[in-house]
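Structure record follows, encoded as C-alpha cells.
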Amino acid sequence: MASGEEITVCEDEVRSRYSHLEKMTDLVAVWEVALSDGVHKIEFEHGTTSGKRVVYVDGKEEIRREWMFKLVGKETFTVGATKTKAAINIDAVSGFAYEYTLEINGKSLKKYMENRLKTTNTWILNLDGTDYRVVLEKDTMDVWCNGEKMETAGEFVEDGTETHFTVADHSCCIKAVSSGKRKEGIIHTLIVNDREIPEVVE
C-alpha cells in the first residue's frame, strides 16, 4: 500500500513539472512599450498545437482564447491609463514557424517609437530617494509623472513658455524655447529646484 502511494506522488510531481514546462514553452514574445503613463510589458503566449492565445499586459491577463483552429490572425487590446490601442499580428513564416509583430496605434512598434521620439520628451529624476519618470506630450502639452497626468499651469515668458507643476512637493518647470533653427523647432527643458534635468531616450 505504501509503495502504491509513492507512485501516485511521483506521477503528480511529473505532471506538475510537465504542465509548468508546457506553460513556459507557450511564451513566444515579450515587448516593452514606453507610453506617457509608463513603460508597459506585453507578453504573448501562443500554443501552436492547441491554438491557445494569451495576452498579458504588465503581468495581468487581458485576453485568453483556449482553442483556436486558425493559428494565424490578430489580437487587439489596449495598454495603460491612456487606453492606447495595441495589436499582435500572428503570421505563418514556414511550416510550423510563426512571426509575431506588435502594433501600437496602427503603427509597427519601431515606427511608433520613432514617432514618439518626435512628439514627446522624457526625463528620469530622483527626488528624496524616489525615482520619477516625467513625460511631456508636445502636441497637447500634457505632463505625465509615474503614470499620472499632472495638474499644470502654463505661462508665457519673454523667450517662450513655461509649464509649472509639482512633484513630491518640489516645484518643476518645463521651459519651451525656440531653437532659432527650423529643423530643430522648439527645445523643451525640465528644471527642478533650479537644476536642469537631462533628457533620456527610451
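Just to be sure before I move on: is residue 162 open to solvent by less than 60 Å² (accessible area, probe 1.4 Å), without any contact (Cβ under 8 Å) to a residue 60 or more places away in the chain and under 30 Å from residue 63 (Cα atoms) in the structure I sent? Don't jump to the end; show me each part of the working.
On the way: open to solvent by less than 60 Å² (accessible area, probe 1.4 Å): yes; without any contact (Cβ under 8 Å) to a residue 60 or more places away in the chain: yes; under 30 Å from residue 63 (Cα atoms): no.
Spelling it out, it is not the case that residue 162 is open to solvent by less than 60 Å² (accessible area, probe 1.4 Å), without any contact (Cβ under 8 Å) to a residue 60 or more places away in the chain and under 30 Å from residue 63 (Cα atoms).
Based on this model, can you work out whether residue 75 counts as without any contact (Cβ under 8 Å) to a residue 40 or more places away in the chain and over 17 Å from residue 56 (Cβ atoms)? Steps first, answer last, please.
Working: without any contact (Cβ under 8 Å) to a residue 40 or more places away in the chain: yes; over 17 Å from residue 56 (Cβ atoms): no.
It is false that residue 75 is without any contact (Cβ under 8 Å) to a residue 40 or more places away in the chain and over 17 Å from residue 56 (Cβ atoms).
Mind checking which residues of region 148-171 are assigned to a strand (DSSP E or B), closer than 17 Å to residue 37 by Cα and in contact with a strand residue (DSSP E or B) (Cβ under 8 Å, 6 or more places away or on another chain)?
149, 165, 166, 167
Can you pull out every residue in region 57-72 that is surrounded by fewer than 18 Cβ atoms within 10 Å (Cβ to Cβ) and either outside any loop (DSSP other than H, G, I, E, B) or of a type in the set (Gly, Ala, Ser) (or both)?
59, 60, 61, 62, 63, 64, 65
Taking only region 112-144 into account, find how many residues are crowded, with 16+ Cβ neighbours inside 10 Å and part of a helix (DSSP H, G or I).
Residues that pass the stated criteria total 2.
Which count do you get for residues in region 73-87 that are over 30 Å from residue 143 (Cβ atoms) and either at pLDDT 95 or above or open to solvent by 50 Å² or more (accessible area, probe 1.4 Å) (or both)?
Summing the residues that are over 30 Å from residue 143 (Cβ atoms) and either at pLDDT 95 or above or open to solvent by 50 Å² or more (accessible area, probe 1.4 Å) (or both) in region 73-87 gives 2.
For the list (1) under 30 Å from residue 170 (Cβ atoms); (2) modelled with pLDDT of 95 or more; (3) surrounded by fewer than 17 Cβ atoms within 10 Å (Cβ to Cβ); (4) among the β-branched types (Val, Ile, Thr), I need the number of the one condition that residue 101 fails.
So residue 101 meets the others, but not (1).
Only one of 78, 82 is hydroxyl-bearing (Ser, Thr, Tyr) and either at positive phi or in a strand (DSSP E or B) (or both). Can you tell me which?
Working: 82 fails: either at positive phi or in a strand (DSSP E or B) (or both).
Checking each option against the conditions leaves just 78.
Of all the residues that make up region 180-197, how many are touching a residue at least 60 places away in the same chain (Cβ under 8 Å) and under 15 Å from residue 117 (Cα atoms)?
So the answer is 1.
Which ones in region 165-202 are open to solvent by 100 Å² or more (accessible area, probe 1.4 Å) and in contact with a helix residue (DSSP H, G or I) (Cβ under 9 Å, 6 or more places away or on another chain)?
201
Tally time: how many residues in region 1-48 are open to solvent by 40 Å² or more (accessible area, probe 1.4 Å), modelled with pLDDT of 80 or more and among the β-branched types (Val, Ile, Thr)?
Residues that pass the stated criteria total 3.
For region 126-138, name all the residues that are more than 18 Å from residue 187 (Cβ to Cβ) and either among the charged types (D, E, K, R) or in contact (Cβ under 8 Å) with a residue 24 or more places away in the chain (or both).
Within region 126-138, 127, 128, 130, 131, 132, 133 meet the criteria.
The values are calculated or read from the model by the stated rules, or taken from the named source; none is laboratory data. In this text, all values refer to a predicted model and were calculated from it rather than measured experimentally. We place every Cβ from the backbone using ideal geometry, glycine too, and count neighbours over all the protein chains shown. Surface areas here come from the heavy atoms of the whole protein model, side chains and all, with no ligands, DNA or RNA. Shrake-Rupley method; radii C 1.70, N 1.55, O 1.52, S 1.80 Å.
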